[in-house]
Amino acid sequence: MLDGLLDNPVLTQAVPEATLETLQMVGLSALITAVVGLPLGLLLHAVAPNGLRPLRAVRGPVGLVVNLGRSLPFIILAIALLPFTRAVVGTSLGWQAAVVPLSIGAIPFFARLVETAVREVDPGKVEAAQVMGSSRARVLLQVLVREALPSIVAGFTATVIALVAYSAMAGAIGGGGLGFLAISYGYQRFDTTVMVVCVVVIVVVVQAFQVVGDAVARRLDHR
Amino acid sequence: MIELSGLRKVYPAAAGDVVALDGIDLVVERGAVHGIVGRSGAGKSTLVRCLTGLERPTSGSVTVDGRVISALPEARLREARRAMGMVFQHVNLLDSRSVAANVAFPLEVAGVPRRRRAERVAELLELVGLGDRGTAYPAQLSGGQRQRVGIARALATEPAVLLCDEPTSALDSATTRQILGLVRDLRDRLGITVVIITHEMGVVREVCDSVTLLEHGRVVQSGRLDDVVTQAGSPLSNALIPVPDVPQDEARRLVEVTYATRTVPTHRALAAVAALGEEVDVVAGTIETLAGLRLGRLQLDLPHRRVAPALAALRDAGLDAREVA
Ligand SMILES: Nc1ncnc2c1ncn2[C@@H]1O[C@H](COP(=O)(O)OP(=O)(O)OP(=O)(O)O)[C@@H](O)[C@H]1O
Ligand SMILES: [Mg+2]
């Protein structure tokens, strides 16, 4: 049985390649999501009615765009973005192309999680920092972000795991990676073995992200 | 040191504006420990928030340590706040920072260099008796210890004014004593001016030199502790020196006698009461030492017809006497 598995070129070559593609796709998307989503989430909180700098004119439109991004099913978002992806990456195929819809889908998701995490910080802590003469930037970074960091990390873990799931869907429309492999062999060629192996690898990847994310969050949490 | 004049704060609300402070005039002397008491909703927290500039007065002015807080622009306000330290009911320490890092926070804000910061933090933790807990996190401390860290943090930048909003209401009585002892000690050693918001008269009795009673955003009574307690029948005097409740009897009347030993010694007060004769009985009373004064409040029970002559006789003896409604 094991020999059969190891002799199968799809399993020994295509699966590791696809795994690498998935990891690259998820990794780069996660990076972009963090870089854009974190400030966006902080902005959402800061301009809220009881935030650091309430701004109705910003809150409304930004909130609307974020909700729009969150309400579209990923597969529809990815298809709708195809022309945009082609314009940015030059192609709509391959893992690099998949990064575009993945990031755009995950940014609003993560931004909301950041906003929620930051909103949970006790306003008394903010007040204490303000009484000590802190600037808004200091309150934002050293109080809000730092105190919410365990929750932000947990939110980021959830986002990365969602990205793994989305990446399988991105695979379905030509993005490559494990999702693409599972669909092209398992669904189109009825090769159950390949599909099962892909599923197992995805489960292991998700598990690994969860374990690492939990460990980091725990290390940061002193409550 | 602290001067409020005509301070008004109105919160606009859909269901009608809330007047939280309604024309407060108040002066707190340098080096005094001043208590602000009042029922829930009286405006106590709003008053401290105006002192720190967290809240802008609707009208009137707030002056702290020579600076008109109510008129400063945001940037100058941040600077002025460094002359104030604030202690909160719920302490509000940062959970992500160790005890030492919490105390260092205001020093970082003030731009104190790292080396100097570390020295100062060690000093402050020593001052509040937590010299060995610097590396602990707030979650690992007891409520009283956390409040002591809060005090150390408030004192970090050597403020001229320490503001405390209900600093002990989350603490048990022994811990409250300890914290208040620390506050008094700090005032004596550092000469800072302290404002303590509280709803516990025990706190006022324990540490305050002067006190203000707020009600519906107005000052009802204010003054040095020894003055307010000798204003017989005044709300603060009644609250600070409570006498046990006496069941009312339709046929008889209650007369209250108040004296301070600085004008009438106890033996003369008691002699004047005894001279009223057989039909007059002392039914409740308290004698205690407060603000360096020995004070007495006695309630006498007597028949209706004896009230007027008794009041006259007691007043002749230099006592403050009044019929209790
Ligand atoms: N941000 C606010 N918006 C609207 N109304 C407010 C606000 N803050 C306080 N108030 C109102 O102002 C009044 C005074 O409130 P404040 O918090 O100063 O009372 P307090 O004396 O501190 O009471 P407590 O002992 O319960 O803390 C209350 O009627 C309260 O509802
Ligand atoms: Mg209050």
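The values are calculated or read from the model by the stated rules, or taken from the named source; none is laboratory data. Keep in mind the model is a prediction, meaning the values are calculated, not measured. Because the Cβ atoms are built from the backbone with ideal geometry, glycine has one as well, and the counts that use them run over all protein chains shown. Accessible surface areas use protein heavy atoms only, side chains included; no ligands, DNA or RNA. Shrake-Rupley method; radii C 1.70, N 1.55, O 1.52, S 1.80 Å.
In summary, the convex hull built on the alpha carbon positions of segment A:7-220 has an orientation-averaged projected area of 13.3 nm². Using a cut-off of under 19 Å, list every residue of segment B:87-119 whose amide N is near the label point 7 Å from the Cα of B:Asp65 along the Cα-to-beta-carbon line. In segment B:87-119, the label zone of B:Asp65 (backbone N under 19 Å from the point 7 Å along Cα→Cβ) covers B:87-88, B:103-113, B:117. Over segment B:241-323, the fraction of Cα-Cα pairs per 10 Å bin, rounded to whole percents and listed from the shortest bin up, is 18, 54, 25, 3. Relative contact order for chain B: what percent, with Cα pairs under 8 Å and sequence separation of 6 or more? Relative contact order of chain B: 18 percent. Solvent-accessible surface of segment B:2-230, taken per residue with a 1.4 Å probe and all protein chains present: 41 Å². Multiplying the residue separation of B:Val10 and B:Arg322 by 0.36 nm and subtracting their alpha-carbon distance yields 108.5 nm. For segment B:87-110, list residues with backbone N below 15 Å from a point placed 7 Å from the Cα of B:Glu158 toward its Cβ? Only B:107, B:110 pass the distance filter. Estimated from helices alone, the mean residue ellipticity of chain B at 222 nm is -10000 deg cm²/dmol (sum of -39500 (n - 2.57) over DSSP H runs with n ≥ 4, per residue).
Pop the C-beta distance of B:Glu200 and B:Thr286 into the FRET formula with R0 = 25 Å and round what comes out to the nearest 0.05. Walk me through the numbers before you get to the answer.
Details: r = 18 Å, r/R0 = 0.71.
E between B:Glu200 and B:Thr286, to the nearest 0.05, is 0.90.
In segment A:209-223, burial by the other protein chains removes 30 Å² or more of accessible area from A:His222, A:Arg223, compared with the chain on its own (1.4 Å probe, ligands and nucleic acids ignored).
What is the Cα centroid distance between segment B:197-258 and segment A:81-136, reported in whole angstrom? Measuring centre to centre over Cα atoms gives 57 Å.
Considering the zone a paramagnetic label at A:Phe84 would reach in this model (a point 7 Å from Cα along the Cα-to-Cβ line), which residues of segment A:45-67 have amide N under 20 Å from it? What the label zone holds, given the 20 Å backbone N cut-off, is A:59-67.
Expressed as a fraction of 2.2 N^0.38 Å, the C-alpha radius of gyration for the protein assembly as shown is 1.41. Restriction of the GluC sites (Glu not before Pro) in segment B:277-314 to DSSP coil positions whose beta-carbon has at most 16 other beta-carbons within 10 angstrom yields B:Glu278, B:Glu279.
So how do B:Asp132, B:Asp245, B:Asp65 rank on accessible area, 1.4 Å probe, biggest first, that is with the largest at the start?
Working: B:Asp132 125, B:Asp245 155, B:Asp65 50 Å².
From most accessible down to least: B:Asp245, B:Asp132, B:Asp65.
Let me know the volume per residue of the alpha-carbon convex hull for segment B:1-88, in Å³. Display every interim value, and only then the final one.
Values: hull volume 9.6 nm³, N = 88.
Here the figure is 109 Å³ per residue.
Report note on the peptides B:304-316, B:212-224: ranked by the mean count of other C-beta atoms within 10 Å, highest first, their order is B:212-224, B:304-316.
Compare A:Phe74, A:Phe109 by solvent-accessible area with a 1.4 Å probe and give them largest first, with all protein chains kept in place. Intermediate results must be reported in sequence, preceding the final value.
Working: A:Phe74 15, A:Phe109 50 Å².
Ranked from most to least accessible, the order is A:Phe109, A:Phe74.
Using only alpha-carbon positions in chain B, the gyration tensor eigenvalues give semi-axes of 44, 23, 17 Å once each is multiplied by 5 and square-rooted (largest first). Counting only DSSP H runs of at least 4 residues, each contributing -39500 (n - 2.57), and dividing by the residue count of chain A, the helix-based mean residue ellipticity at 222 nm comes to -24000 deg cm²/dmol.
Pick out the long, greasy-scoring helices in chain B: whole DSSP H runs spanning 15 Å or more along their own axis by Cα, mean Kyte-Doolittle at least 0.0.
B:99-109
Remark: accessible surface ordering of A:Val131, A:Val212 (largest first) is A:Val212, A:Val131, probe radius 1.4 Å.
The alpha carbon radius of gyration of segment B:233-283, expressed as a multiple of 2.2 N^0.38 Å, is 1.30.
Nearest 0.05, what FRET efficiency do A:Val200 and A:Thr116 give at R0 = 45 Å with Cβ-Cβ as r?
Computed FRET efficiency for A:Val200 and A:Thr116: 0.85.
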